[in-house]
Amino acid sequence: MNAPIEAGRFGSGHAVRRIEDPALVQGQGRYTDDVVPAGQLFVRFVRSNVAHGRIVGIDVAEALTLPGVVAIYTGADLEAAGVKPLAPAGGFKRADGTPMNPPPKRALALGTVRYVGETVAAVVAETREAARAAADAVFVDIDPLPAVADTASALATGAPQVWEGAPGNVLAEARHGDAAATDAAFAAAAHRITLPIVNQRLAPSPIEPRAVLAWVEGGRLTVRLSSQMPTGARGGLVHCLPGQTVDSVRVLVGDVGGGFGMKTALYPEDVVVAYAALQLQRPVKWQAERVEDFLTAVHGRDLASRAELVLDAQGRVLALRVRSWANVGATPTGAGVAIQLLVGPWVSTSIYAIPTLSLHISAVLTHTAATGAYRGAGRPEAIYTVERLMDAAARELGMDPAELRRRNMIRPGQMPYTNPMGQTYDSGRFEQILDQGLALADWPGFAARRAASEARGLLRGRGIAAFLEWTGGNALEEKVSVRVTADGFIELTSATMAMGQGIATSYAQLAVDVFGVELSRIRILQGDTDRANGFGSAGSRSLFTGGAAAFVASQCAVEAGKPLAAEALEAGVADIEYAAGRYTVAGTDLGIGLFELAQRQPGLAIVADGSAKADAPSWPNACHVCEVEIDPATGQTQVVAYASVNDIGRIVSPQIVRGQIEGGAVQGIGQALCERVVYDAEGQLLSASFMDYALPRADGFRGFKTAFDESIPCLTNRLGAKGVGELGTIGATPAVVNAVVDAIAHAGLGRAAEAVQMPLTSETVWRALRGDLPSAPALPG
């Protein structure tokens, strides 16, 4: 099909204004809490104030007498009603070969509480204020028990046990690679680099906290919530609620104020709200307060590692060995375990031709909130590890860090390349991306910039990350429905989910490529399990799979219109052509407009479905170079230059992908410099507000230069696109940390500077500059 005229202005590859934005910037967004049905009730949860304890009793008598209280539920009530725990994590084994046996994640705790904030009771009332007052009146008697809040403490001899199904607090283990071959490579190596590496726990912190609203209509349960995965939420509710089926539950999702992976999971609060709506036959809502998200929404990262890399005398990497312990919390999610035991390891050798590796990872239970998906999900941890090792190796060998990376890169002639984890890269020209990244960053000019900074009394450091990541492989197929309406619009319905990333605009541009109409004629519908079902949006898959399906479905709709146009124009189907919103008979001026044709149909619409299935994941890659300035008097660190060249294959929406890279980089900078979830030894959360949990600020970074190389399309999907949503986050953290370490090392500390651990706060950097370097983190074993 020839490219329509309008595609040249609004189709893929062109910067357009996001179609989502007008409603949002005018305050017309429709988030879950904006929906207020008549008769709506409100839920307030009573939560555990200890990290570990035995529930002795729950007294709700006084609370039930308070004005406006409609119902109060406890774990015993839900169990008696047949409400099941949330679907358990699975798929991995313990060291002895037995299947992992996680503790139950109940909608309301029963018998034992295992982390601060765990839901113990739920109050339903006519107003939020009444629910809050009654929740304060519920008396919960908990007999405190000893708790462990960090990995090393959980694995110590005689440590309190989180759950009897995980002796020693080890839930599961995974080993990858060839340990014998790795040991042999270590024995023969000329250089050995060893680093303790901690990826600290993070809070995803979307601008909109969690929210859920449920009601019964026509005998069906409808649940509206802020979610990245509507179909998955429906499945989770059906699993938990007795008597419900996929046909009796409808999940709706409106505007979502950010997800970052945190909103891929179903939560206990969602189940309770749905249960209450079924019991009371009235709409029931819960809107999380920020502190509740800090306490009970999934956290990210929390991986401690002992990482080792060996090289020959010429600087070629011979093997990688990493022993890791992942703190997955008290009631782990399936994603939280898989991210550390499987997904991260897939990219552990990154873009380097490392012949062999040996990985050993343990999932450890602690009395803390569960970990789960957070932007990058395992890949940031793995890439951070190997990039820190590469910089340390360059320092040890006295080599330029870029040249050491170049020496070890996989070459184009090796594609398709299968890494030691068995993952196959379909395409990639990593040296080409490196060269462009170094040019964009003016790598040779750094010495002059460092001298200029020093003349102003500041230290300057430079860091690099050359890396890849895995996207789209969590679900390779997606379906989209298209409806061309008589009133002049084209509706595309998808099970993927917008959450601020601009995916609706990208889908609309792909539809414009096919239909050749104005962008304003395209409508993207998402977030309704009665209209579309699929995996949802996670793992940077929305364009990779959903976009391909949108393109295919649009083509199917055009094809579906051809026999209808042939009938209307009294011509043969083979003679019908389509371009720019109009069907014509080849070689004549006879034709009919797309929307006029729709108006002639019995349903006043042309309808078609289309699906697309990728052959395998995509492997976006990049070179990110960061420069920082440090005030040695205070330790304050500022990112003063950040250059990146990114290979994400074909670009559909240039403005959107730039925002994804740079926004993602800011989150990576946050991990590097300021963000950290902190528990005390008793499992009390000390960073439960933005007064105590530091997010990156706009005055902490500047100088973004972002470029793309579209010359290397993905070969596993019909669009040629590679995922982009997490690439910036993955690259920024090692690039920034490497830059800070470089500045500290240059100030006279040398390789000792490599002992610093994230977040590199002003205090951490200030102490390091004075030789007060942290001791090695307390790693088990």
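The values are calculated or read from the model by the stated rules, or taken from the named source; none is laboratory data. In this text the structure is predicted, and so the values were computed from the model without any measurement. No Cβ is skipped: glycine too gets one built from the backbone with ideal geometry, and neighbour counts run over all protein chains shown. Side chains are part of the model used for accessible areas, which takes the heavy atoms of the whole protein and leaves out ligands, DNA and RNA. Shrake-Rupley method; radii C 1.70, N 1.55, O 1.52, S 1.80 Å.
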- Query: Using all Cα-Cα distances in region 529-585, what percent lands in each 5 angstrom bin from 0 up to the longest?
  - Reply: 4, 16, 20, 15, 12, 10, 12, 7, 3, 1
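Work through the residues other than Gly75 whose Cβ is under 11 Å from its Cβ and net out their charges, Lys, Arg +1 and Asp, Glu -1. Walk me through the numbers on the way to the answer.
Working: positive: Arg106; negative: Asp77, Glu79, Glu118.
Net of charged neighbours comes to -2.
Can you tell me the relative contact order of region 208-270? Whole percent, Cα pairs under 8 Å, sequence separation 6 or more.
On the way: 91 pairs, mean separation 24.7, N = 63.
The normalised contact order for region 208-270 reaches 39 percent.
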- Message: Using each residue's phi in region 740-756, evaluate 6.51 cos²θ - 1.76 cosθ + 1.60 at θ = phi - 60° and report the 3J(HN,Hα) Karplus result to the nearest Hz, with x for Gly and Pro.
- Response: 5, 4, 4, 5, 5, 4, 5, 6, x, 8, x, 5, 4, 4, 5, 6, 5
- Note on the structure: Among beta bridges assigned by DSSP with both residues in region 465-585, the antiparallel ones amount in percent, to the nearest 5, to 65 percent
- Most packed first (mean Cβ within 10 Å per residue), the peptides 738-749, 151-162, 581-592 order as 738-749, 151-162, 581-592
- Using a 1.4 angstrom probe, figure out how much accessible area the chain has per residue, in square angstrom, rounded to the nearest whole. 36 Å²
- Message: Give me, ordered by chain and number, the residues 5 or more places off Thr371 or on other chains with an amide H under 5 Å from its own placed amide H.
- Response: His299, Gly329, Thr333
- Expressed as a percent, the accessible surface of region 415-488 that is carbon or sulfur, using a 1.4 Å probe and the full set of protein chains, is 52 percent
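222 nm [θ] for the chain, helices only, -39500 (n - 2.57) per DSSP H run of 4+, per residue, to 500? Numbers along the way, then the final one.
On the way: 21 runs with 215 residues, N = 781.
It comes out at -8000 deg cm²/dmol, rounded to the nearest 500.
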- Item | Leu252 long-range amide H proximity, modeled H, under 5 Å | Val223, Arg224, Leu225
- Task: Run the accessible area of region 590-647 with a 1.4 Å probe and give the carbon-and-sulfur part as a rounded percent.
- Result: 49 percent
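Under 1.5 on a/c is rounded, so check that first for region 1-145, then, if it is not, pick prolate when a/b is larger than b/c and oblate when it is not; a ≥ b ≥ c are the square roots of the alpha carbon gyration tensor eigenvalues. Before the final figure, lay out each step's value.
Numbers: a/c = 3.43, a/b = 1.54, b/c = 2.22.
Oblate is the answer for region 1-145, as a/c is 1.5 or above yet b/c matches or exceeds a/b.
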- Message: Just to check I understand the Karplus step: with θ = phi - 60° and J = 6.51 cos²θ - 1.76 cosθ + 1.60, what whole-Hz values come out for region 158-173, glycine and proline as x?
- Response: x, 5, x, 8, 6, 7, 5, x, 10, x, x, 6, 9, 7, 7, 9
- Query: For region 704-774, rounded, prolate or oblate, judged on the Cα gyration tensor with a ≥ b ≥ c (square roots of eigenvalues), a/c < 1.5 rounded, else prolate if a/b > b/c?
  - Reply: prolate
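I want the local charge near Asp575. Using Cβ-Cβ distances under 14 Å, sum +1 for each Lys or Arg and -1 for each Asp or Glu among the other residues. Walk me through the numbers before you get to the answer.
Values: positive: Lys562; negative: Glu567, Glu570, Glu577, Asp589.
Taking every other residue near Asp575 into account, the sum is -3.
Place the peptides 707-720, 448-461 in order of packing, highest mean first, counting for every residue the other Cβ atoms within 10 Å and averaging per peptide. Could the numbers behind the result be given before it?
Numbers: 707-720: 19.4, 448-461: 15.4.
By packing density, highest mean first, the sequence is 707-720, 448-461.
Given contacts defined as C-alpha pairs under 8 Å and at least six residues apart, what's the relative contact order of region 649-781, whole-number percent? Spell out each step's value before the answer.
Details: 153 pairs, mean separation 44.4, N = 133.
Relative contact order comes out at 33 percent.
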- Item | Whole-Hz ³J(HN,Hα) from phi, Karplus 6.51 cos²θ - 1.76 cosθ + 1.60, for region 612-618, glycine and proline x | 9, 10, 6, 6, 5, x, 10
- region 218-349 - Kirkwood radius from inverse mean 1/r over Cα pairs (Å): 17.8 Å
- Task: Run down the lysines and flag those whose C-alpha is under 28 Å from the C-alpha of Lys263, throwing out any fewer than 8 positions away in its chain.
- Result: Lys84, Lys93, Lys105, Lys285, Lys479, Lys613, Lys722
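Report, for the chain, the % of DSSP beta bridges that are antiparallel, rounded to 5. Don't skip to the answer; put the middle values down first.
On the way: 106 of 134 bridges.
Expressed as a percentage, antiparallel bridges in the chain total about 80.
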- Item | Solvent-accessible ranking of Ser653, Ser520, largest area first, probe 1.4 Å | Ser520, Ser653
- Beyond 52 Å, what percent of the Cα pairs of the chain remain? 16 percent
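What net charge do the residues around Leu434 carry, taking every other residue with its C-beta under 15 Å from that of Leu434, with Lys and Arg at +1 and Asp and Glu at -1?
On the way: positive: Arg405, Arg406, Arg407, Arg411, Arg429, Arg462; negative: Glu387, Asp391, Asp400, Glu403, Glu431, Asp435, Asp442, Asp647, Asp709.
Result for the local shell: -3.
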- Query: Among rounded, prolate and oblate, which fits region 364-416 when a ≥ b ≥ c are the square roots of the eigenvalues of its C-alpha gyration tensor, a/c under 1.5 means rounded, and a/b larger than b/c means prolate?
  - Reply: oblate
- log10 I(q)/I(0) for region 393-447, Debye formula on C-alpha points only (no solvent), q = 0.13, 0.18, 0.25 Å⁻¹, two decimals, reads -0.43, -0.73, -1.01
- Query: What are the principal axis extents of the Cα atoms in region 141-287, in Å, biggest first?
  - Reply: 72, 39, 30
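For the chain, what relative contact order do you get, as a whole percent, if you take Cα pairs closer than 8 Å and at least 6 residues apart?
Values: 1995 pairs, mean separation 123.6, N = 781.
About 16 percent, as a whole number.
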